[in-house]
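A short write-up of the structure that comes next.
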Amino acid sequence: MLERLYELTIKKKEIEAELKAINEEILNNVDNLELEDDHIKVSIIPESSYKTLDMTKVKNKEPELYNELLDVYPKEVSRKAYVKVKIK
């Protein structure tokens with residue numbers, strides 16, 4: 001089982017590298033924002049930026065405000081279990 005996991009992980013890395021190269025080629029050489037054929041539709045999303053609130057800094061500099069905000073605007077994030085694979 002571990003050998004098969006190793007083989008598939010190596011293949012996945014090779015495929016991801018090829019996909020990255022194709023995506024970079026599309027970004028650098030295609031003028032259309034959408035490409036489509038019978039099997040696939042590709043949308044080019046332009047670069048953008050946004051601002052967020054650094055809650056770690058708020059917690060360190062304004063602990064009372066942080067606790068107030070946490071009481072009023074709680075957000076619980078759940079993560080599913082997963083298997084981590086590291087190739088040596």
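FYI, it's all coordinate maths here, none of it is from the lab. Not measured: the values here are computed from a predicted model.
Please state the shape class of region 1-73: rounded when a/c is under 1.5, otherwise prolate if a/b exceeds b/c and oblate if not, all from the C-alpha gyration tensor. Oblate is the answer for region 1-73, as a/c is 1.5 or above yet b/c matches or exceeds a/b.
Tell me the angle of helix 2-29 to the major Cα principal axis of the chain, expressed in degrees between 0 and 90 and rounded to the nearest ten. Tilt relative to the chain: about 90 degrees. Each 5 Å bin from zero holds the following percent of Cα-Cα pairs in region 46-88: 5, 14, 15, 14, 11, 13, 16, 7, 3, 0. Shown for region 1-73: lysine pairs separated by 8 or more places, or found on different chains, whose C-alpha atoms are under 27 Å apart, numbering 9. Note down the relative contact order for the chain as a percent, whole number, built from C-alpha pairs under 8 angstrom at least six residues apart. Here the relative contact order equals 21 percent.
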